[in-house]
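Note sheet for the following structure.
What follows is calculated from the coordinates using simple rules that are stated; it is not laboratory data. The structure presented is a predicted model; accordingly, all values stated were derived computationally and were not measured. Here the Cβ is made from the backbone with ideal geometry for all residues, glycine too, and neighbour counts use every protein chain on show.
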Amino acid sequence: MKVFDYEKAFSRNIGWVTEAEQARLRTSRVAIGGLGGVGGAHLLTLARLGIGRFTIADLDDFDLVNFNRQAGALVSTLGRPKLDVLAEMARDINPEIDLRLFPAGIQDDTLEDFLDGVDVYVDGLDFFAFAARRATFAACERKNIPVVTAAPLGLGAALLVFGPGGMPFEEYFGFARCASETEMAIRFMVGLSPAMLQRGYVADMSRVRLAERLGPSCVAACQLCAGVAAIETLKLLLGRGGVRLAPWASQFDGYRMRHAKTWRPWGHRNPLQRLMIFLVKSLLTRAAKQAATN
């Protein structure tokens, strides 16, 4: 059996990064909240970049409904904690990896410890985990920790990066003005993908039920997110530049093979953003009425 060697294991990264940059990645720490649809893929992708330190949090176990998209979801892992399974997979990639585990997920009383010594936070929380997401993003803002969030919307990836010098998370989404979780979900969806490239090809709109925290998902979109988020994280860790902070957003839709960059000054108050929120609300209302009559 061959002995693990970090330099050799990640030598094929050299060329896209220098040897000095690879050494820097080895000592960098990335925090990932949530190891489900995108979070698990984030961890494994970043581990293969040679990032040597992670802080990860998740409180769920693998279930059959995870099989269509989640890294680590296997018959052999059914009922096992996602945190344990993904930690094992990451250590199988890099036995020297430094993992700090938070099996209770992201909680208010452990949030400071979760972000201790973190260079970049990558959001992998469930789409509807608004309380945990708002608390984590606010803490990152206080600590000047850049945040990368890539959402699998439609059959593509929507990217937002928050950090020093950019628009704050709450100002961009305007969650404080929301009267319900459904309103938050709509604002979150539109904020992540202002161009809404995914609209128009949903095969069955009855499967989009935000009030029930339900929506379709796809492994291809999750994998696209992992690649996009990894590249932005790489640039942030290495100080490469070229990262556009919110209110800039970017979306690639693999189904339509289209890419859009959007700039929404004033965030949720931007007239185009308000119009898109209204249109999405109208679309979902019509779909719900149609489903009720069928």
Of A226, L236, Y201, which is farthest on the positive side of the dipole of the range 195-253, counting Cα position, with +1 on Lys and Arg Cβ, -1 on Asp and Glu Cβ, and the Cα centre as origin?
L236
What percentages, rounded to whole numbers, describe P(r) for the chain computed over all alpha carbon pairs with 5 Å bin width beginning at zero?
1, 5, 12, 16, 19, 17, 14, 8, 4, 2, 1, 0, 0
Using the alpha-carbon atoms, what tilt in degrees (0 to 90, nearest 10) does helix 82-93 show relative to the longest principal axis of the chain?
40 degrees
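May I ask for the net charge around V118, where only other residues with Cβ less than 14 Å from the Cβ of V118 are counted and Lys, Arg are +1 while Asp, Glu are -1?
Details: positive: R29, R53, R100, R142, K143; negative: D98, E112, D113, D116, D119, D123, E141.
Its environment carries a net charge of -2.
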Mind checking the angle between helix 271-293 and the chain's longest principal axis? C-alpha axes, 0 to 90 degrees, to the nearest 10.
70 degrees
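Expressed as a rounded percentage, what relative contact order does the range 1-59 have, with Cα pairs under 8 Å and six or more residues apart? Don't jump to the answer; show the numbers that get you there.
Details: 54 pairs, mean separation 22.8, N = 59.
Value for the range 1-59: 39 percent.
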By its C-alpha gyration tensor, with a ≥ b ≥ c as the square roots of the eigenvalues, how is the range 89-190 shaped: rounded for a/c under 1.5, else prolate for a/b larger than b/c, else oblate?
prolate
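Tell me, S193, S217, S76 in order of fewest to most beta-carbon neighbours within 10 Å?
Working: S193 26, S217 19, S76 8.
Least crowded to most crowded, the residues run S76, S217, S193.
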Show me, for the range 201-215, the HN-Hα J-couplings you get by feeding each phi into the Karplus relation (A = 6.51, B = -1.76, C = 1.60, θ = phi - 60°), rounded to Hz, glycine and proline as x.
10, 5, 6, 8, 5, 5, 7, 9, 10, 5, 5, 9, 6, 10, x
GNM, the chain, Cα, under 10 Å: largest mean-square fluctuation among A211, A226, A57?
A211
Starting from the Cα gyration tensor of the range 1-152, take the square roots of the eigenvalues, sort them a ≥ b ≥ c, and report rounded, prolate or oblate (rounded when a/c is under 1.5, otherwise prolate if a/b is larger than b/c, else oblate).
oblate
Toy charge model, Lys and Arg Cβ at +1, Asp and Glu Cβ at -1: the range 17-293 dipole around Cα centroid in debye, rounded to 20, equals 1320 debye
Using 1/(1 + (r/R0)^6) with R0 = 45 angstrom and r between the beta carbons of D61 and A288, what's the FRET efficiency to the nearest 0.05?
0.90
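Here is the link list: K8/K82; K8/K143; K261/K289. Which ones come out longer than 31 Å on Cα distance? Present the calculation step by step, with values, prior to reporting the outcome.
Working: K8/K82 29 Å; K8/K143 35 Å; K261/K289 33 Å.
K8/K143; K261/K289, as the Cα separations exceed 31 Å there.
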Relative contact order for the range 17-293: what percent, with Cα pairs under 8 Å and sequence separation of 6 or more?
20 percent
Range of Cα positions in the range 1-73 per principal axis (Å), largest first:
41, 28, 22
With a cap of 10 neighbouring Cβ atoms within 10 Å, and only residues DSSP puts in a loop, list the GluC sites (Glu not before Pro) found in the range 3-56.
none
Most fluctuating residue given options F67, F173, F54, as computed from a GNM of the chain linking Cα atoms under 10 Å
F67
If packing is taken as the average number of other Cβ atoms within 10 Å across a peptide's residues, how do 25-38, 116-129, 81-94 rank, most packed first?
25-38, 116-129, 81-94
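When the helices in the chain are scored as -39500 (n - 2.57) per DSSP H run of 4 or longer and the sum is shared across all residues, what 222 nm value do you end up with, to the nearest 500 deg cm²/dmol?
Taking each H run of at least 4 residues, the total per residue is -11500 deg cm²/dmol.
Defining a contact as two alpha carbons under 8 Å apart and six or more residues distant in sequence, what relative contact order in percent does the range 1-113 show?
Numbers: 163 pairs, mean separation 30.9, N = 113.
Relative contact order for the range 1-113 comes out at 27 percent.
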If I fit a long axis through the Cα atoms of helix 219-238 and take the longest principal axis of the Cα atoms of the chain, what angle between them do I get, 0 to 90°, rounded to 10?
60 degrees
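With a sphere of radius 11 Å drawn around the Cβ of K143, what net charge do the other residues whose Cβ falls strictly inside it have (Lys, Arg +1; Asp, Glu -1)?
On the way: positive: R142; negative: E112, D116, D119, E141.
Around K143, the charge tally is -3.
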How much of the DSSP bridge set in the range 17-293 is antiparallel, in percent, rounded to the nearest 5?
50 percent
